[in-house]
Amino acid sequence: MAIAQEKMTKVCIFLEHHALPPSPLNYQVVYTYVSQSNPKLNAAIDRAIAQRKTIDCVYVEQLYFDFIEQGHKMKTAIVRNVDSVINTLSRNANNNEQNIVRFADQVTECVHSIDENNIEQTRHALKMLSKQSEVLLNQHRQFKQEIAKAKSLQEKTQKQLTQLRKQHITDQQTGLYKRHYLNQQTQLWVGQNKAVCAISIHIENLNHFIENYGDVIGEVILNKVAKQVQKYVQESGLPGRTSKDEFTILLADIEPETANLIAEKVRNGVEKLRFVSSKNGTKLPAITLALGIAKHEDDGDFNSLARKASLAAAKAKSLGQSSFIAGPVKFKPVLNHEKQC
């Protein structure tokens, strides 16, 4: 009892220290960390703390899906198994139907032949056999109907699991991808020897909107920027939400200079947004962004890539630039121009 109480105290201290709400997901991840029952999870959190990384709800959610929640993989495997079974049954049903039809045809021909030879007893037996064949065909039709019902149920289940998968990999608030999905995609692209770049998009004044105009306005700002990110990325990359006020775009087979052009398009689109208070008609400030671009290195995963891009965004802000490319790539700074309010 004393040990459990001590763990709960440590969990509360951790949540309070990192300003995390005591949601079930946050509590489970932190409790697992405090219990030291998942070495990989503990290593990830210890590394984040050592790097002074912001541990917010978005990052904790990534930890949950990376190291704790495995249910989605099991559901996907179950559906694949159901698919395989139903497809096999369907093939067998079609084959059986063809065999039975051929058998019935042969029996019918045999009956006609026996009629010509006037063998009454044999003909009677074959008629009975023909009736049994008809019964068998009826049973087979019923079997096919059951297969059709099962397949319809499977398709319905597949749609439900597709929806669950969408919820599993996308942020509910913005519709962008979650961190753990970007992490998986980075591993996939690196395994395919693709060049991977990341663009960090940091909303510099999101807290200003929240503190001065409320949470609802803050959500509006967040969603508007997210839509601009989706608009300019489209099919060329994977846009994700990686922090409370930060988005990260993951790009494959692209160099940092090209990624910087995409980043500038996002910035230009966001700068055109204007907001007016519905209460008093007051014009709200323009949204300001800091953009950072980084290229994947051989010794890093998505977390290190995203961190490098995020640090580049912070560098851009400190230098008064609209964007900054991390690493040895030569880059001509782009100074922020005057924004109209």
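Taken together, the criteria exclude SER243 from residues that are small (Gly, Ala, Ser) and without any contact (Cβ under 8 Å) to a residue 60 or more places away in the chain.
What do you reckon, is ALA286 within 21 Å of ILE203 (Cβ to Cβ), in a loop (DSSP other than H, G, I, E, B), at pLDDT 90 or above and among the small types (Gly, Ala, Ser)? Yes.
Out of contact with any Pro (no Cβ under 6 Å at 6 or more places or on another chain), modelled with pLDDT under 90 and open to solvent by 80 Å² or more (accessible area, probe 1.4 Å): does that describe VAL85? Yes; evaluated as a whole, the condition is true for this residue.
Taken over the range 148-191, the criterion of being charged (D, E, K, R) and open to solvent by 60 Å² or more (accessible area, probe 1.4 Å) is satisfied by LYS149, LYS151, GLU155, LYS156, LYS159, ARG165, LYS166.
Could you go through the range 150-167 and let me know if any residue there is within 17 Å of GLU235 (Cβ to Cβ) and either under 18 Å from the mean Cα position of the chain (by Cα) or not polar (S, T, N, Q) (or both). Checking the range 150-167: not a single residue is within 17 Å of GLU235 (Cβ to Cβ) and either under 18 Å from the mean Cα position of the chain (by Cα) or not polar (S, T, N, Q) (or both). Of the candidates GLY240, GLY214, GLY218, the single residue that is under 21 Å from GLY281 (Cα atoms) and surrounded by 19 or more Cβ atoms within 10 Å (Cβ to Cβ) is GLY218.
A quick yes/no check of all residues on (1) assigned to a strand (DSSP E or B); (2) touching a strand residue (DSSP E or B) at 6+ places or on another chain (Cβ under 7 Å); (3) among the polar types (S, T, N, Q); (4) modelled with pLDDT under 90:
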| site | (1), (2), (3), (4) |
| --- | --- |
| PHE247 | yes, yes, no, no |
| ALA263 | no, yes, no, no |
| VAL270 | no, yes, no, no |
| ASP299 | no, no, no, yes |
| ALA309 | no, yes, no, no |
| PHE324 | yes, yes, no, yes |
| PHE331 | no, yes, no, yes |
| HIS337 | no, no, no, yes |
| CYS341 | no, yes, no, yes |
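Of all residues in the range 15-62 being of a type in the set (D, E, K, R) and assigned to a helix (DSSP H, G or I), which is modelled with the highest pLDDT? Step by step, filter the range 15-62, then rank; the result is ASP46.
Would you be able to say whether some residue in the range 188-196 is modelled with pLDDT of 90 or more, closer than 19 Å to CYS57 by Cβ and not charged (D, E, K, R)? Within the range 188-196 (the criterion being modelled with pLDDT of 90 or more, closer than 19 Å to CYS57 by Cβ and not charged (D, E, K, R)), the answer is no, since none of the residues qualifies.
The values are calculated or read from the model by the stated rules, or taken from the named source; none is laboratory data. None of these values were measured; they are calculated from a predicted model. Neighbour counts are summed over all protein chains in view; Cβ atoms, including those assigned to glycine, are modelled from backbone coordinates with ideal geometry. Quick note on the areas: whole protein, heavy atoms, side chains included, nothing else; ligands and nucleic acids left out. Shrake-Rupley method; radii C 1.70, N 1.55, O 1.52, S 1.80 Å.
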